[in-house]
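Enquirer: Below you'll find the structure I mean.
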Amino acid sequence: MERKTSQIQPPTYGDLITVLSIDGGGIRGIIPATILSFLESYLQELDGKDASLADYFDVIAGTSTGGLVAAMLTAPDENNRPLYAAKDITPFYFEHCPRIFPQKKCGLFAPIGNIVQTLIGPKYDGKYLHDFIRKKLKDTRLSNTITNVVIPTFDIKKLHPTIFSTYETKRSACYDAKMSDVCISTSAAPTYFPAHSFKVEDSKGNVREHHLIDGGVAANNPCLVAISEVSKEILKDNLDFFPINPLDYGRFLVISIGTGAAKCEQKYNSSMAAKWGIIDWLFHKGSTPLVEVFTQSSADMVDYHNSVVFQAFHSENSYLRIQEDELSGTEASVDVATKENLERLVEIGENLLKKPLSRVNLETGLTEPIPKGGTNEEALKRLATLLVNERRLR
């Protein structure tokens, strides 16, 4: 399958470089799915009912569940249109998550059984998820996507991140992996799903071998990775970006959507953690503090970095981060795939649209509402208008 003409002309024909980034977070991917559904529907109001997100972004990046969403939005169907409209992603979670994350039966010894299972192997075998991904994506490769994608993973053999990027496929077929392998790899969260291995071979017999786990280990918030991939292309004199300077952050328009985080002081404190050994760090009252800590800390650090850089270049209005920091109970889990919890996550996403636009305070490191900044919904509408104008310009 060869890539057909892109739905969006290269940035060299316009004013902006447009980036969409989606965090990892298991079932909490419903939160960004709700946000994206709103964004796409508003783009359709402005630019016609056939508009899709892939028509407006130069790069769509995603990690773990965000990587799956990125693939759904960019993998082509038989008409070279996205396999999924944004509005179809939430129903996907409702239909398939209960089978991806089958809920364990409750009982007196259930918690002990769950811990024992996770000590001897991953919590879920991943078979349903893997079979579904392979069936939907078939032989689609990175080079076939409607727009550029960037999906981080981590190579457990090399102990080094592996970034799957459409840009790299243009230089070597060895980088042109099947999207199904990429999606299975980026969602292979430690303790939840098994690691994934595969090989990519080009026409000359050159082979790249991969032994991969969840991209959240390296970049749960892939926004900075996406920007870096674009900057690399500029440095390599990719004519798609001529004559843009790699430090010209004023040319970037970035929308970064998180999957939510637990409310501050909701779950843990230092007096609790001071007594923990390896078991508690991995299995504390049904949660996995170690995984939560490194995924959320990496996501927040990326947001902090982007906030500093965009403000330094007086481009803060071109960077939008939407994140819910007040999750509690099962809302904060990545795998409690009950109908009630999934419905609650949809409600959280809808409420997040109405919340005040927020930004990192560079003095405190905390996210705070912007005075007279309006709501997240209003910010998305403003950026949607810019996206439509950019596409028309190109």
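Enquirer: Work out how much length residue 191 to residue 158 would gain on full extension: take 0.36 nm times their residue separation and subtract the Cα-Cα distance, in nm to one decimal.
Expert: Length difference between fully extended and current span is 9.9 nm.
Enquirer: Using a probe radius of 1.4 Å on heavy atoms only, what accessible surface per residue do you get for the chain? Whole Å² is fine.
Expert: The answer is 46 Å² per residue.
Enquirer: If you don't mind, another one. Suppose every K and R has +1 on its Cβ and every D and E has -1 on its Cβ; what is the size of the dipole of the chain about the Cα centre, in Debye to the nearest 20?
Expert: 740 debye
Enquirer: Now for a separate question. What distance in nm separates the simple spin-label points at residue 280 and residue 232, each placed 7 Å from Cα in the Cβ direction?
Expert: Going by the 7 Å Cα→Cβ label model, 4.1 nm.
Enquirer: I want to verify a result. In a Gaussian network model of the chain, Cα cutoff 10 Å, which of these has the top mean-square fluctuation: 143, 287, 165?
Expert: 287
Enquirer: In deg cm²/dmol and to the nearest 500, what is the mean residue ellipticity at 222 nm of the chain if only DSSP H runs of at least 4 residues count, each as -39500 (n - 2.57), divided by the residue total?
Expert: So the calculated ellipticity at 222 nm is -12000 deg cm²/dmol.
Enquirer: Under a GNM of the chain (C-alpha, springs under 10 Å), which listed residue has the highest mean-square fluctuation: 129, 247, 342?
Expert: Answer for the Gaussian network model of the chain: 247.
Enquirer: Take the residue pairs 170/381; 49/123; 236/354; 199/232; 138/339 and return only those whose Cα atoms are more than 32 Å apart.
Expert: Too far apart for the 32 Å limit: 170/381; 49/123; 236/354.
Enquirer: I want to check the label-to-label distance for residue 173 and residue 88. Put each point 7 Å from Cα in the C-beta direction and report it in nm to one decimal.
Expert: Modelled inter-label distance: 3.1 nm.
Enquirer: If you compute volume of the Cα convex hull per residue in Å³ for the structure shown, which of (i) 143; (ii) 227; (iii) 179 do you land on?
Expert: Comparing each candidate, only (i) matches the computed number.
Enquirer: Shifting gears a bit: Name the shape class, rounded, prolate or oblate, that the alpha-carbon gyration tensor gives for the stretch 196-303, where a ≥ b ≥ c are the square roots of its eigenvalues, rounded holds for a/c under 1.5, and otherwise prolate holds if a/b is larger than b/c and oblate otherwise.
Expert: Note, shape of the stretch 196-303 comes out oblate.
Enquirer: Same structure again: With an 8 Å Cα cut-off and a minimum separation of 6 or more residues, compute the relative contact order for the stretch 1-75 in percent.
Expert: 43 percent
Enquirer: Tell me, what is the percent relative contact order of the chain, built from C-alpha pairs under 8 Å that lie six or more residues apart?
Expert: 23 percent
Enquirer: Now for a separate question. Choose one of 369, 259, 76: the residue whose Cα lies farthest towards the positive end of the charge dipole of the chain (beta-carbon charges +1 Lys, Arg; -1 Asp, Glu; about the Cα centre).
Expert: Going by the charge dipole, the pick is 76.
Enquirer: Within a Cβ distance under 14 Å of residue 127, other residues only, what is the Lys/Arg minus Asp/Glu net charge?
Expert: +2
Enquirer: Where in the chain lies the longest segment free of GluC sites (Glu not before Pro) that are both loop residues by DSSP (not H, G, I, E, B) and have at most 10 other Cβ atoms within 10 Å?
Expert: 79-264
Enquirer: Please report the antiparallel percentage of the DSSP beta bridges confined to the chain, to the nearest 5.
Expert: If we restrict to bridges inside the chain, about 55 percent are antiparallel.
Enquirer: Place a label point 7 angstrom from the Cα of residue 287 along the Cα-to-Cβ direction, then list the residues of the stretch 335-372 whose backbone nitrogen is under 13 Å away.
Expert: Answer for the stretch 335-372: 335.
Enquirer: Also: Between residue 99 and residue 378, what is the label-to-label distance in nm when each label sits 7 Å out along the Cα-to-Cβ direction?
Expert: 4.4 nm
Enquirer: Could you work out how far the C-alpha centroid of the stretch 209-276 sits from that of the stretch 334-364, in angstrom?
Expert: Computed from Cα coordinates, the inter-centre distance equals 19 Å.
Enquirer: How high is the FRET efficiency between residue 268 and residue 386 when r is their beta carbon distance and R₀ equals 41 Å, given to the nearest 0.05?
Expert: My answer for the efficiency is 0.55.
Enquirer: Can you return the aspartates and glutamates within cross-link range of residue 372? Criterion is Cα-Cα under 16 Å, with same-chain partners fewer than 8 residues away left out.
Expert: The qualifying aspartates and glutamates are 316.
The values are calculated or read from the model by the stated rules, or taken from the named source; none is laboratory data. Just so it is clear, the structure is predicted and the values come from calculations on it, not from any experiment. Neighbour counts are summed over all protein chains in view; Cβ atoms, including those assigned to glycine, are modelled from backbone coordinates with ideal geometry. Ligands, DNA and RNA are stripped out before the accessible areas are found, and what is left, the full protein with its side chains, is counted by its heavy atoms. Shrake-Rupley method; radii C 1.70, N 1.55, O 1.52, S 1.80 Å.
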